[in-house]
1. With contacts defined as alpha carbon pairs under 8 Å and 6 or more residues apart, what's the relative contact order of region 516-563 in percent?
2. What ³J(HN,Hα) values, in whole Hz, does the Karplus curve 6.51 cos²θ - 1.76 cosθ + 1.60 give for region 146-153 when θ = phi - 60°, with x put for Gly and Pro?
3. Taking the Cα of Ser552, stepping 7 Å toward and past its beta carbon, and measuring to each backbone N in region 341-377: which are under 16 Å?
4. For Glu353, what residues show an amide H to amide H distance below 5 Å, using hydrogens built from the backbone and excluding near sequence neighbours?
5. Just to confirm, what accessible area per residue do you get for region 229-289 at 1.4 Å probe, in whole Å²?
6. What shape does region 392-438 have by the C-alpha gyration tensor, where a ≥ b ≥ c are the square roots of the eigenvalues, rounded means a/c under 1.5, and otherwise prolate means a/b greater than b/c and oblate the rest?
7. Please work out the Cα center distance from region 386-453 to region 228-268, rounded to the nearest Å.
8. Rounding to the nearest 20 debye, state how big the charge dipole of region 447-586 is about its Cα centre with +1 on each Lys and Arg Cβ and -1 on each Asp and Glu Cβ.
Amino acid sequence: MTFYLPGFRSFPKLWTSIPSLELGPATSPVFSFLTITRNQHRWFSVKTTPPPHRKAMNLLLAKARTLKKGHDSDRQGSSDHYFAAGAAKKRSHLTSNPQQREHAPSHERSTIELPTKPLNSEEWDKLKGDFNGKASFEDWVISQMVRSSSSVDAAKSLLAWVAAKNNGIVGYNLLVKYLYLCVSHKQTSEVIDVYEIMKAKYKCLETAANTILIRGLIHSDRWREALLLLEDIKKVMVPSKRNYNDCIQGALLHQDVDVAWSLYQELVGHNLIPLLETLKAFFDFGKDINDDDYSDKLLDILLYLRNNQLYPGESFAHSIKTWFESIPGRQWKGQFTTVQRSGHCSSCGRALESIHLSPEEYEFLKGKIMRDVIDGGDQYKKTTPQELKRFENFVNSCPPFDIVIDGLNVAKMFPKSRESQMLLNVVSQLARQNLQLLVLGRKHMLTPSSRWRKDEMERVRKLAHCFFADNISEDDPFLLYATLNSGNHCKFITKDLMRDHKACLSDVRAQHLFFKWQQGHQVAIRIDFQRSKLTFQHTLSYDTVVQTTGDSWHIPYDEDLVQRSSYEVPTKWLCLQRKTQAPAGS
């Protein structure tokens, strides 16, 4: 017998015998499915379609980077510093094996082809007969349909076939995945049909199903029922920022600004960081509103980005620019630009905020690092108190340092070079500038070998102050202590990003100040092997955060084609200037 389902209400038997779930949210199969689906861009990759041509994509990205590099060099931009967005990706690309990149394993192809149109019962029977996978055929097919965003009608025919084989019973997992597919295609009427059936079957739904239904209902005239589902989630847990985002989007879509702002305040009240698309929605809605109170709230969002070191994406930056330029009578003008090495905006010429800490901030951070990282709570520290005391006495007996060098780390930066030779090259070049240098190392570096020549290490010791710790000791506490103890002018050289030590700091302010201090003080090394030239990358002179002077805003943002690691900062900026009117009669 063949079943077609033009609408769920026309086939009520399909839903009459769905067994109730006995598993809790944490152990339910559908919960596992939905936990992954919250990151849509990662989970819903289409495995049944061929991937983009790798060489063509690499060529496009290379061209974009070349154009970017040329533009930045013309403007004397500062996108070549160690913490610039995309720098880690470039370093990884340069050091990875080209053969590994060319012969990366491809996804295993399925043994059957997903249907692109509804199938009848006989066709589904044949497709199942051709399937040789280990998973349940029905579950595998619906999962692949969700991944590849298949036709809703094709998925509906699968459910009809399953119901016909099981006396009208369709499993909960299949139902919820079908619901997600309907939501992804914005098939609102189908979403409401399934919602009505689930309400009739269950007194309450699990959080995962509520999450999908919230997203599906916000586009309908029944969007306020999404708020009721949000309340159901609150009974068992704090809703996710995705839940809040969907409800806020629904409120703005249906012009209920008060509900949207109330949900936003609730969201941040839970110490959740809003999705950037949530904040973007407020700006998109705001360009049609001439209201000072609403404008003040949008400016508060920009300050929220600043205080939490958040960076809008390219589309969000365009929304901010559009909103500013739409404010009646204010005459704002926006320009996408870069910042010069000097810290001046390439568009308006204003100087951005300095990266260097104020005396109060410096003393606060120094005290925090001494207590949380060096003296106490660093679980990664292997240094003994006796050795740390010996080092403190050594530092106090020396003049303040200009640069502290992680000797072992620097020596091993370029594996093809002899360690002692590499270290000597770095120290020699810095010593020519009459700088007070400190080289931190370990005692095994003083044992002559093919990698550590005695004559080269003796020359290092003549050019710089040196401290060699026990071989089991951790270098970083020594480096941090010596750098901070020497004063705000002192810089340091290491490839270590010190994320473990940043995590040891006990409060958010200290972590933000640590990263700011790190950007302005950590020097990176470049080597041009063809010309045998060693250079030092400049450190940032300006702070990469949202900033304002009242009649100007400078907002760093992420480019769409640039992959930025969490410890990197954007290199592109939105410059907003308010035009000042000339005095009357001039």
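1. Values: 38 pairs, mean separation 12.1, N = 48.
Once divided by the residue count of region 516-563, the mean separation gives 25 percent.
2. 5, 4, 9, 6, 5, 4, 5, 5
3. 341-355
4. Sorted by chain and number, the residues that satisfy this are Asp543.
5. Numbers: 2690 Å² over 61 residues.
Counting only protein heavy atoms, the per-residue value for region 229-289 is 44 Å².
6. oblate
7. 55
8. On the way: 19 positive and 17 negative charges, 106 e Å.
Charge dipole, region 447-586, about its Cα centre: 500 debye, nearest 20.
The values are calculated or read from the model by the stated rules, or taken from the named source; none is laboratory data. Source: prediction; values computed, not measured. FYI the Cβ positions are ideal-geometry reconstructions off the backbone, even for glycines, and counts take in every protein chain you see. Keep in mind that these areas ignore ligands, DNA and RNA; they rest on the heavy atoms of the full protein, side chains included. Shrake-Rupley method; radii C 1.70, N 1.55, O 1.52, S 1.80 Å.
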